[in-house]
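Scroll down for the structure; my scribbles are underneath it.
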Amino acid sequence: MADFETEILVVGAGPCGLMLANELGRRGVSALIVDGKSGTAVNPQANATQARTMEHYRRLGFADEIRRLGLPFDYPTDIAYFTRFCTQEIARFSLPAAKDARQTLRGLSGEWSAAELPHRVSQKFVEPVLLKHARALAGIEIAFNTKLIDFHDRGTHVEAVIEDANGRHDVRAKYLVGADGARSFVRQRFGWGWVGDTRTEREFMGGRMLAVYVRAKDYYALSPNAPAWMYVAFNPTHRAYMAAVDGRGEFAFHAQLPPGANEDSYSAADGADFFRHASGLNMDVEVLSMNGWTAGHALVAERMQEGRVLIGGDAAHLFTPAGGMGYNTGIEDAVNLGWKLAAAVRGAAGPGLLKSYESERWAVARRNTGFARALSDSLGKLRAPACVEDETAEGSAARAEAGAYFNRHAREEFNIPGFTLGARYDGSPVIVSDGTSPPPDGPNIYHPTACPGGRAPHIWFDDGRSLYDEFGFEWTLLVTRDNAPGVEAFAAAAKTAGMDLTIVRESASGLRNLYEADLALIRPDQMVAWRGNSGDAGAIVRQALGF
């Protein structure tokens, strides 16, 4: 007999695993989350929470809590390019501070019509919020300092062995999810390799990088340049970038190492020197932590599920961080998987529902890693001229040319509504096609559309409400026209199938034209499963549930 029984065993308490715990716990599904680490992240790691992720945090009720974290509320979230951080500024892409996000958002429409804007906050601040809310849910247990040692899929359940300070324990679960990072034990146990590109050599953002978490308490007093969220150094000898962590002198600093260099040969003093060289000023620098990582990855695991075992997050895909989509893609893995696992556990899913996780998320991971790779090429393959720092006519011309390039690049990397909001599940067996084609896909273009398989188009109502706040936590039937027929048929079909359906009637001006249909069936992850003016409600509901 097992020492522990749970419905879902999750390996890894990073963003993907903790988000999955929140999704499962909100649905009354029990889960044990184990992680060999001693607690949540102590290093900044990911530094950008994209708009789609913030919309999911809003759906769970803690987006405002996340937005209060990280940088001061009035701190600019600009992306700025310099020869060195504290010397010549050559380009700047200005973005609003957190205090302006709400007001800015209400004035946006079209491709940036969203319930939330991005937020610039380090992962070390986000994880404790995810942990706190997960632990508050009945049936959720999170065990740090606990490792997965072994597991077997028995067909009807999964048997696993975990180890903590008290020894080894047997666990019986209905499903196992590996959210256990780039070196995933779960993925390696299956022998799944990677698909995509790796170790791309670039002038910058290719090969080994040194990540240094620093505190430079005098930085803002000494630097003549206006503060920014993201800083990029462009010179022939010290290519680097950094993100402001707290707006008071802590930075997540990343330096390109020379070809063939090994980070183990560098001391903390070397890390501090790298920071000073990239800054262009001599200042006191305290190294809080330091480690190496490889830039140039655009990789997706060959598989994301087998039987009762699934993987997500960094276990399933690896990014070079241009565009900031690695952690955000992992969050959406958890969102996609959470409601499907809950339906499978509760017996409300057909055999195709859980299987759709791999087909939907694998294609999106390939898309997202490809976009990130292109952005990394744009940034990293530009070579810094030897004269770029010279106070000469030649140096001024080089800086002007680089500035024009980076101004274009910044818009390509940081104005990314398509990258953020445009992921689609076309061809998924649980999406009911209406025969229309989706609009073109690209990182910098997003056409709000209710074509089934994409994110439900969002609007703000005249009274200040967000359409998303009207959706149910599970399924929603959006009715965009008064007296539209077929509503009762969907309600009856949902009841028969065990689908928790909220009916939302909104006939606000423009909503019918935006959705191009009287009815739209919205999934728990806010993706459109079907739209139309009429249809076989029973067949539509059954297909959407995987029957």
Reported set for region 216-246 where residues are more than 30 Å from the chain's Cα centre (by Cα) and among the basic types (Lys, Arg) is Lys217
Given (1) part of a loop (DSSP other than H, G, I, E, B); (2) within 26 Å of Asp525 (Cβ to Cβ), Val364 misses just (1)
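Check region 27-36 and report whether any residue there is hydroxyl-bearing (Ser, Thr, Tyr) and either under 19 Å from the mean Cα position of the chain (by Cα) or closer than 30 Å to Asn407 by Cβ (or both).
Looking for residues that are hydroxyl-bearing (Ser, Thr, Tyr) and either under 19 Å from the mean Cα position of the chain (by Cα) or closer than 30 Å to Asn407 by Cβ (or both), one finds none in region 27-36, hence no.
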Margin query: Would you confirm, using the coordinates I've provided, whether Met283 is at pLDDT 95 or above and surrounded by fewer than 23 Cβ atoms within 10 Å (Cβ to Cβ)?
Written below: yes
Within region 220-231, residues surrounded by fewer than 24 Cβ atoms within 10 Å (Cβ to Cβ), out of contact with any Cys (no Cβ under 9 Å at 6 or more places or on another chain) and outside any loop (DSSP other than H, G, I, E, B) come out as Tyr220, Ala221, Met230
Taking region 454-507 and keeping residues among the hydroxyl-bearing types (Ser, Thr, Tyr) and either modelled with pLDDT under 95 or not in a loop (DSSP other than H, G, I, E, B) (or both) leaves Ser466, Tyr468, Thr476, Thr496, Thr502, Ser507
The number of residues in region 432-449 that are closer than 24 Å to Met325 by Cβ and of a type outside the set (D, E, K, R) is 11
Only unsatisfied item for Val487, checking (1) in contact with a strand residue (DSSP E or B) (Cβ under 9 Å, 6 or more places away or on another chain); (2) surrounded by fewer than 16 Cβ atoms within 10 Å (Cβ to Cβ), is (2)
Per the filter on region 33-55, residues outside any loop (DSSP other than H, G, I, E, B) and either surrounded by fewer than 24 Cβ atoms within 10 Å (Cβ to Cβ) or polar (S, T, N, Q) (or both) are Thr49, Ala51, Thr53, Glu55
When (1) within 30 Å of Arg172 (Cβ to Cβ); (2) assigned to a helix (DSSP H, G or I); (3) in contact with a Gly (Cβ under 9 Å, 6 or more places away or on another chain) are applied to Leu137, the one that fails is (2)
Residue count, region 498-547, condition surrounded by fewer than 20 Cβ atoms within 10 Å (Cβ to Cβ) and among the aromatic types (Phe, Trp, Tyr), comes to 1
I'd like to check something: does region 66-82 contain any residue that is more than 24 Å from Ala243 (Cβ to Cβ), modelled with pLDDT of 95 or more and outside any loop (DSSP other than H, G, I, E, B)? no
Is it true that some residue in region 343-353 is within 16 Å of the chain's Cα centre (by Cα), assigned to a helix (DSSP H, G or I) and assigned by TED's automatic domain parsing to the domain that holds Gly178? no
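The values are calculated or read from the model by the stated rules, or taken from the named source; none is laboratory data. Being a predicted model, the structure only gives us computed values, none of them experimental. Every residue, glycine among them, receives a Cβ derived from its backbone with ideal geometry; neighbour counts consider all protein chains shown.
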